[in-house]
1. Quick one: Val290, Val43, fewest Cβ neighbours within 10 Å first, how do they rank?
2. Among 111-118, 195-202, how do they line up by average Cβ neighbours within 10 Å per residue, starting with the highest?
3. Using the count of nearby Cβ atoms within 10 Å as a rough guide to exposure, how do Phe409, Phe295 rank from fewest to most?
4. Rounded to the nearest 0.05, what FRET efficiency do Leu339 and Leu121 give with R0 = 22 Å and r taken as the Cβ-Cβ distance? Could you check?
5. Among 5-11, 187-193, how do they line up by average Cβ neighbours within 10 Å per residue, starting with the highest?
6. Over what distance in Å are the Cα centres of the stretch 285-330 and the stretch 242-282 separated?
7. Specify which residue in the list Val182, Pro160, His204 is farthest towards the positive end of the charge dipole of the stretch 153-207, using unit charges on the beta carbon of Lys, Arg (+1) and Asp, Glu (-1), about the Cα centre.
8. With Cβ to Cβ distances under 13 Å as the rule, what net charge do the other residues near Val182 carry (K, R +1; D, E -1)?
Amino acid sequence: MKSRYIASLSLAIMFIGFIVTKWWLPDNWWIRLLESGFEAGLVGGIADWFAVTALFRHPFGIPIPHTSLLLKNRDKIVNSLISAMENELLNKESISKKLKELKLFKGIASAITGLISRRKLRVSLLRFAQSALEQIPLEKLSIKLQEVAVDYIRKQDIVPVVDKLTDKLAYDGWDEKALDFVLLQGKEWVKKRETEQFFGRLAHSKMEELQVGGFMGFAVQAFVGFMSPEKLGPIIQGMLLSSIKELGTPGNPNRQKLLEELKKHALGLSANEELMARLKAGIESGAESVGVERFIHLRLEELRQLLLDKLEQECSNGGRSLVRGYRFLIEQAKSKEELINRWEQAVLGYMVSWIEKNHYRIGMLVRDNVNQMDDQALVHMLEQKIGKDLQWIRVNGAVCGFIVGVILFFF
């Protein structure tokens with residue numbers, strides 16, 4: 001039963017008892033004793049009902065002076081509440097002191113240790129990571145990455161990049177590596193049987209096309225008639241292999257001359273504005289192509305599948321890698337205790353500074369919340385919080401009045 005109903009019931013009992021003993025029961029000593037008790041209890045109950053009601057509203061809606069005290073003193077109550085919270089309950093000095101004494105990282109580490117030791121929790125974390133990874137929209141992500149790459153390329157000046165690459169080529173030995181790579185690939189291609197036949201047919205056909213008169217023409221025609229494609233092929237192949245071997249020999253004059261020409265043209269690339277413009281346009285066009293977006297998307301798919309497989313493997317192992325990783329972090333932290341302490345003091349210092357700068361917001365928050373409530377809502381809230389205890393004042397008033405009335409009867 002609610003306290004308000006109990007208080008009303010106590011007042012009703014005093015009222016009914018007074019009526020019954022006053023007019024309905026015979027006049028004798030015991031009845032007068034009870035009548036005196038019920039009368040005093042009725043007066044005490046009504047007085048306390050008036051006092052409790054006057055705190056929240058006007059009794060019977062009549063604007064009696066010094067009633068509805070909470071609403072009349074609304075600002076004073078709010079200010080007192082804010083002052084109590086700011087200066088006594090949540091004053092910034094005590095909060096700052098507690099924070100400075102707080103072992104932040106040690107507490108966090110202790111909490112994580114307790115959590116990470118549970119196999120079920122580790123597996124749940126891994127499953128959550130799997131679910132989150134599967135939900136990533138790779139189509140949109142690949143498009144976004146492509147847009148970022150294109151925008152980055154568009155904003156960059158390609159000349160410094162080309163200069164760095166050509167410097168690497170010219171001064172870090174890349175020119176020789178590039179030449180050796182080309183010679184090696186060329187050698188492998190020239191050594192093939194089909195390449196030999198190709199050179200033979202090509203040379204023979206070109207020699208037949210020669211239009212030379214006189215004795216020279218006679219000599220050429222005789223040579224063409226004597227040399228078939230099968231004979232020309234090995235000769236040209238041998239010449240090319242010999243030239244490739246010569247160019248691949250360090251210190252060879254022809255090799256050095258070729259490298260110098262390569263360096264010269266490489267170092268002059270960045271000065272060719274037209275070439276640089278075409279190169280940048282080509283890179284931008286290539287980056288914007290569907291093929292690049294598809295390439296990014298496929299790589300992301302491969303990466304996601306790799307991570308999902310790793311996570312599934314970890315789930316079957318009970319998340320042991322999480323434990324090993326956490327232990328590794330703890331060992332690293334122990335070896336760098338001084339650094340950790342500096343970080344902790346920096347974090348706590350920032351928190352203390354933030355509280356000192358924003359402590360006044362506690363009062364503002366309380367005031368804003370109270371101001372958003374109308375009088376009826378405020379009274380209802382206060383009655384819900386403290387009205388229940390105040391109703392017992394009415395009960396106590398009725399009971400105490402009854403006892404006092406009985407005592408006064410003897411005087």
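Every read-out reported here was derived from the displayed coordinates using simple, explicitly stated rules and does not represent laboratory data. Bear in mind the structure is a predicted one, so any value in this text is a computation, not a measurement. Because the Cβ atoms are built from the backbone with ideal geometry, glycine has one as well, and the counts that use them run over all protein chains shown.
1. By the 10 Å Cβ count, ascending, the order reads Val290, Val43.
2. Values: 111-118: 12.1, 195-202: 17.2.
Per-residue mean Cβ counts within 10 Å order the peptides as 195-202, 111-118.
3. On the way: Phe409 16, Phe295 13.
Lowest to highest Cβ neighbour count: Phe295, Phe409.
4. Details: r = 29 Å, r/R0 = 1.32.
Computed FRET efficiency for Leu339 and Leu121: 0.15.
5. Numbers: 5-11: 17.6, 187-193: 12.6.
Result, highest mean first: 5-11, 187-193.
6. A separation of 41 Å, based on Cα centres.
7. After comparing all options, I get His204.
8. Numbers: positive: Lys177, Lys187, Arg255; negative: Asp175, Glu176, Asp180, Glu188.
Every neighbour counted, the sum reads -1.
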